[in-house]
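Worksheet for the structure shown next.
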Amino acid sequence: MCCSIVNFDINGCNYKLPVVYGTYEKAINISQLRENTGFITFDPGFKNTGITKSSISFIDGEKGKLLYRGYPIEQIINKCSFIETSYLLLNGELPNTAQLKYFSEKIKEFNFLSQEIYQILDKIPAFYHPMGILSSLTCILTAFTDSIQEEEEDMYFNLLAKLPILSALTYRKKVGLPTDYEVVSKNNNNLDYTSNLLKMFFSVPKKSYQINPVITDALDKLLILHADHEQNCSTTTVRLLGSVHANLFSSVSAGISALWGRLHGGANQAVIEMLENILNSGGNIKKWIEKAKDKKNPFRLMGFGHRIYKNFDPRAKIVKKVAENVIQKLGISDPILELAKELEEIVLKEPYFIEKKLYPNIDFYSGIIYQAMGIPKDMFTVMFALGRLPGWMAHWKEMRLNREPIGRPRQIYIGYKKRNIH
Ligand code: SDX
């Protein structure tokens, strides 16, 4: 601990501000800055601003490390399931056998949708983007919760059960599979969470769905890797709504909309579209890299760069291994995977990317796995949302338990001075 206050002078006056220490980081507490100095801070994109204290996840961007409740992601991915990880993020500790059984059973209690939701889904045109459908239906769920949620905690089980059903219905509507309850949710309660999710997506009438352990294991790992990531844009969105006491479902609905952005969760879809463009235009990787470096060109190399990681995104390393394993075990040759590996190799030697510390992020390889599972590109970010759900809910819960103030940043006004209408 180096110091407990910072001193600074403004126009000859000396001011002191307290220092806040976290487990690994330190911050200057500026909550009294304006009152004491008349100044506010200016930090577009909150690149240097901590908006809260949180104990859910921690990223060491310089070293490329990620912890969930203190456990390294490399240990979580090898020792835990997605449901155990969800329990950990929401409750702070890994579940014992009895706790895990209770958690899983409680989720299964909510494994159904009100008939009206099916009727609303029927009215939504199939060409709507799945993220728009998912965000809308998640918000509509608010209308169907009071009668079925007895305890406060039930809302977390309810949403963990409902989001996979909404996602599966969105997919099935898009590809023309039946979306009735009989086919989607009936008799699934004997399956684990991820197997049930896959069965809801891909089951067809008159044919029993065959669980493929390669696919189930790969998806469970992807859900874990997406489960939480500090104050990314969509999580901060969910926290902001929590701060004004918006309910959990509308807060998560807003998080889904934030995640849809192509610079955020929408990047996994944009990566595959980019790789397909490179492949279909002759595979000239160097040409595309030059485009990405050209300041005048809005094109960016999707799946590269990160606000926090200035080293490898540890999740990207794991996703790459999972992708290679899935492609090899499914016996598919995927030119997109080969192109992705070639592109990564060239980019990592490119001075522009080295100087700017731009490495592959989680979105660079994830789409390759989703595609191998038969999931269409515009559903990739829905899969990201399914993984991020426990993280969003853990942050919403933490915000509410800490009774944090309403999130309401200030601004620097640069408009007209006061003037009159003549
Ligand atoms: C996710 O926050 C999270 O944790 C997000 C996430 C999560 O789990 O929730 O990790 C998930 O959203 C991953 C990111 C997915 N997005 C992409 O892959 C889109 C491509 N990446 C970039 O758009 C960018 O890297 C961001 C948005 C990810 C980060 O942008 P920053 O931190 O605001 O950085 P920046 O835009 O200021 O870039 C710094 C410099 C700029 O050059 P200069 O103006 O300094 O000369 O690096 C350049 C940028 O032009 N740059 C890129 C680049 N990313 C940054 N140049 C080419 N290609 C890129 N991909």
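The values are calculated or read from the model by the stated rules, or taken from the named source; none is laboratory data. Computed from a predicted model, the values in this text were never measured in an experiment. Cβ coordinates were reconstructed from backbone atoms using ideal geometry, including for glycine residues, and neighbour counts include every protein chain displayed. Accessible surface is based on the protein model in full, side chains and every heavy atom, while ligands, DNA and RNA are left aside. Shrake-Rupley method; radii C 1.70, N 1.55, O 1.52, S 1.80 Å.
Could you list all residues from segment 309-327 that are at pLDDT 95 or above and aliphatic (A, V, I, L, M)?
Scanning segment 309-327 gives Ala316, Ile318, Val319, Val322.
Before we move on, is Glu35 within 16 Å of the ligand (Cβ to nearest atom), of a type in the set (Asp, Glu) and open to solvent by 40 Å² or more (accessible area, probe 1.4 Å)?
So Glu35 does not fit the description; no.
With the requirement that a residue be in contact (Cβ under 8 Å) with a residue 24 or more places away in the chain, open to solvent by 30 Å² or more (accessible area, probe 1.4 Å), outside any loop (DSSP other than H, G, I, E, B) and not β-branched (Val, Ile, Thr), what does segment 153-203 give you?
Answer for segment 153-203, where residues must be in contact (Cβ under 8 Å) with a residue 24 or more places away in the chain, open to solvent by 30 Å² or more (accessible area, probe 1.4 Å), outside any loop (DSSP other than H, G, I, E, B) and not β-branched (Val, Ile, Thr): Lys173, Lys174, Tyr181, Tyr193, Phe202.
Right, Ala394: small (Gly, Ala, Ser), farther than 23 Å from Arg262 by Cβ and outside any loop (DSSP other than H, G, I, E, B) or not?
yes
Could you check how many residues of segment 288-304 are near the ligand (Cβ under 6 Å from one of its atoms) and surrounded by fewer than 19 Cβ atoms within 10 Å (Cβ to Cβ)?
Going through segment 288-304 one residue at a time, the tally reaches 1.
Tell me the residue from Lys341, Lys377, Lys356 that is more than 16 Å from the ligand (Cβ to nearest atom) and surrounded by fewer than 24 Cβ atoms within 10 Å (Cβ to Cβ), please.
The unique qualifying residue is Lys341.
Enumerate the pairs (first residue in segment 204-228 and in a helix (DSSP H, G or I); second residue anywhere and open to solvent by 60 Å² or more (accessible area, probe 1.4 Å)) with beta-carbon separation below 7 Å, excluding pairs fewer than 6 apart on the same chain, so at least 6 apart or on different chains.
Going by the 7 Å Cβ cut-off, the qualifying pairs are Val214/Lys329.
Take Glu404 and decide whether it is in a loop (DSSP other than H, G, I, E, B) and more than 30 Å from Ala292 (Cβ to Cβ).
Yes.
Based on this model, can you work out whether Phe82 counts as buried (at least 16 other Cβ atoms within 10 Å of the Cβ) and over 21 Å from Glu152 (Cβ atoms)?
yes
Could you please find all residues in segment 96-152 being modelled with pLDDT of 95 or more, open to solvent by less than 40 Å² (accessible area, probe 1.4 Å), under 20 Å from Ala258 (Cα atoms) and among the hydrophobic types (A, V, I, L, M, F, W, C)?
Met131, Ile133, Leu134, Leu137, listed by residue number.
For segment 204-236, which positions are among the acidic types (Asp, Glu) and more than 16 Å from the ligand (Cβ to nearest atom)?
Asp217, Asp220
If a residue has to be without any contact (Cβ under 8 Å) to a residue 24 or more places away in the chain and either in a helix (DSSP H, G or I) or in contact with a Cys (Cβ under 8 Å, 6 or more places away or on another chain) (or both) to count, how many in segment 128-142 make the cut?
Within segment 128-142, residues that are without any contact (Cβ under 8 Å) to a residue 24 or more places away in the chain and either in a helix (DSSP H, G or I) or in contact with a Cys (Cβ under 8 Å, 6 or more places away or on another chain) (or both) number 1.
Look through Asp180, Asp228, Asp220 and report the one residue that is of a type in the set (Asp, Glu) and under 11 Å from the mean Cα position of the chain (by Cα).
Asp228
What number goes with the only condition from (1) within 16 Å of the ligand (Cβ to nearest atom); (2) open to solvent by 40 Å² or more (accessible area, probe 1.4 Å) that Gln328 does not pass?
(1)
Looking at (1) in contact (Cβ under 8 Å) with a residue 24 or more places away in the chain; (2) open to solvent by 50 Å² or more (accessible area, probe 1.4 Å); (3) more than 7 Å from the ligand (Cβ to nearest atom), which one does Arg307 not meet, given that it meets all the others?
Only one criterion is unmet by Arg307, namely (3).
Please specify each residue of segment 52-79 satisfying the condition of being assigned to a helix (DSSP H, G or I) and surrounded by fewer than 16 Cβ atoms within 10 Å (Cβ to Cβ).
Glu74, Gln75, Asn78, Lys79
Output the residue which, of all residues in segment 237-262 that are open to solvent by less than 20 Å² (accessible area, probe 1.4 Å) and farther than 15 Å from Ile140 by Cβ, is nearest to the ligand (Cβ to nearest atom).
Among those residues, the one meeting the criterion is Leu259.
Please go through (1) at pLDDT 95 or above; (2) open to solvent by 10 Å² or more (accessible area, probe 1.4 Å); (3) among the charged types (D, E, K, R); (4) under 26 Å from Val175 (Cα atoms) for Asp334 and return the number of the only condition it doesn't satisfy.
Result: Asp334 passes all but (1).
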